[in-house]
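Structure first, commentary second.
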Amino acid sequence: MLGVADAMVGSYFVLYVTEVAGFGPLETGVFVSIHGIGGILTSWLAGRAFDRRPSRRFAAAAMFSGAAALALMTVVTSFPLLVLIAFTLLGALVAAFPQLFALARVILGDGPAGRRSAPLLRSAWSLAWAVGPLLGTAVLASRGFQAIPRTAAVLIAVAATWLLLMVPAPADRSPQHPGTEPEVRLAPRATFLLTTGVTLFFAAMFAGSMVLPLYVTRDLHLPTTTVGVLFSVCAVVEVLTALALAAIPAGVSQRLIILTGMVCFTLFFAVTILARDVPLLIAGQIARGTGIAVVGAAGIRWFQDAMAPATGRATTLFANATTAGMVLSGVMAGGALALLGYTGTLLLCTALTIAAAAVFAAGSTRSPQKIETNPLRRYE
């Protein structure tokens, strides 16, 4: 339900803020950036709080905050107030995604079931993004723009209620010292390289998503409906790939799986640049869907394994790197399109993906440094 609501709003967000709220290009850019920064900050705080005392309340609070923000956006017209809402309530909604993944891992444990949780949730998220835009289109056609955030707000509030009533509460992992945050760290250099690699990958992914419709319709002169077909193929491949990841034995190197996903994404850009007809473009979307699902699902699982037992911070670190890539992609894609054109921008995204794979490979060569301390020692 959270993913469907996110897809409904995300598909029509730019049109909504320009057509209904009356934002100009600069105001839209400021709003999106402020929302991203607020989301990164809130997710970081929630991740640390989750590690001190795992709870469903963090995800539920994030969802209720997001539902309130979307409802307020339909009645508030002041730009400063909307920016404040974006930084606080709407930014808090960003924390719900990593909180759900962290919650599933803690409830199911570190065994096979827990390690399957990230791919399974990722497949559900991909499926939601295949359904959400269609639902948004139906709501828009029947009720208009204002109904989209209102419908999404209801879905998110129902999802939060479902979470509190139906999902079991996680067990306290530190019964002798409740509230103590597990001190488990990656080496600073590894943390920097890994998060940079993930940020570069998702910057290329989001920028490529912006450029692809323009490239297909304006450069290749294909019908607009082709874009919908391509994105649908990608969504189906994402779901199937994420489900397949859940069946891969634990002994298979997660690092190798992630790097393979990044290679697949490089192939997507290469095939798309060479394509002149729909079949080759569809082949590129198969590689694209595979890459997105692999990095999105196996990446979360790798961070959770590397930073265990700090599940909240691990999942948040990956999610925040994803958000940072999204924020970076807007500025990058706009500037690249103006300077390099469609094909040049796709080539730039190819180079970013190759750089992401190289940086991630460098950061994941060694086992993470884990430091566990007795909380009573700080008083010695």
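Each value in this text was obtained by applying a stated rule to the coordinates, not by laboratory testing. From a predicted model like this one, the values you see are computed outputs, not experimental measurements. Glycine gets a Cβ as well: all are built from the backbone with ideal geometry, and neighbour counts include every protein chain shown.
Of note:
- Projecting label points 7 angstrom from Cα along Cα→Cβ for LEU84 and VAL236 puts them 4.8 nm apart.
- Taking Cα centre as origin and charging only the Cβ of basic (Lys, Arg, +1) and acidic (Asp, Glu, -1) residues, the dipole magnitude of the chain rounds to 700 debye.
- Residue-wise HN-Hα coupling along the stretch 353-360, computed from phi with Karplus coefficients 6.51, -1.76, 1.60 (Hz; x: Gly, Pro): 5, 4, 5, 4, 5, 5, 5, 5
- Protection proxy ranking, peptides 132-140, 66-74, average beta carbon neighbours within 10 Å, highest first: 66-74, 132-140
- Value of [θ]222 nm, deg cm²/dmol, for the chain, DSSP H segments ≥ 4, -39500 (n - 2.57) each, nearest 500: -27000 deg cm²/dmol
- The chain: relative contact order as a whole-number percent, Cα under 8 Å and 6+ apart: 27 percent
- Cα centroid of the stretch 31-78 to Cα centroid of the stretch 139-174, whole Å: 13 Å
- Taking other C-beta atoms within 10 angstrom as a stand-in for reagent exposure, VAL211, VAL83 fall in the order VAL83, VAL211, fewest first.
- Going from the fewest other Cβ atoms within 10 Å to the most, the residues ILE85, ILE292 appear in the order ILE85, ILE292.
- In sequence order, calculated HN-Hα J values of the stretch 138-151 (Karplus, 6.51, -1.76, 1.60; Hz; x Gly/Pro): 5, 5, 4, 5, 9, 10, x, 4, 4, 6, 5, x, 5, 5
- Considering only ALA46, THR311, GLY10, and ranking their Cα positions along the charge dipole of the chain that arises from unit charges at the beta-carbon of Lys, Arg, Asp and Glu, the one farthest toward the positive end is THR311.
- When TYR16, TYR215 are arranged by Cβ crowding within 10 Å, least crowded first, meaning fewest neighbours, the order is TYR16, TYR215.
- Amide H contacts for ALA187 (H built 1.01 Å from N in the peptide plane; partners 5 or more residues away or on another chain; cut-off under 5 Å): GLN369.
- Hz values of 3J(HN,Hα) by residue in the stretch 333-349 - Karplus curve (6.51, -1.76, 1.60), Gly and Pro given as x: 5, x, x, 5, 4, 5, 8, 10, x, 5, 5, x, 5, 5, 5, 4, 5
- Among ARG255, ARG276, ARG116: highest mean-square fluctuation, GNM of the chain, C-alpha pairs under 10 Å: ARG276
- Summing Cβ point charges (Lys, Arg +1; Asp, Glu -1) relative to the Cα centre of the stretch 2-166 gives a dipole of roughly 600 debye.
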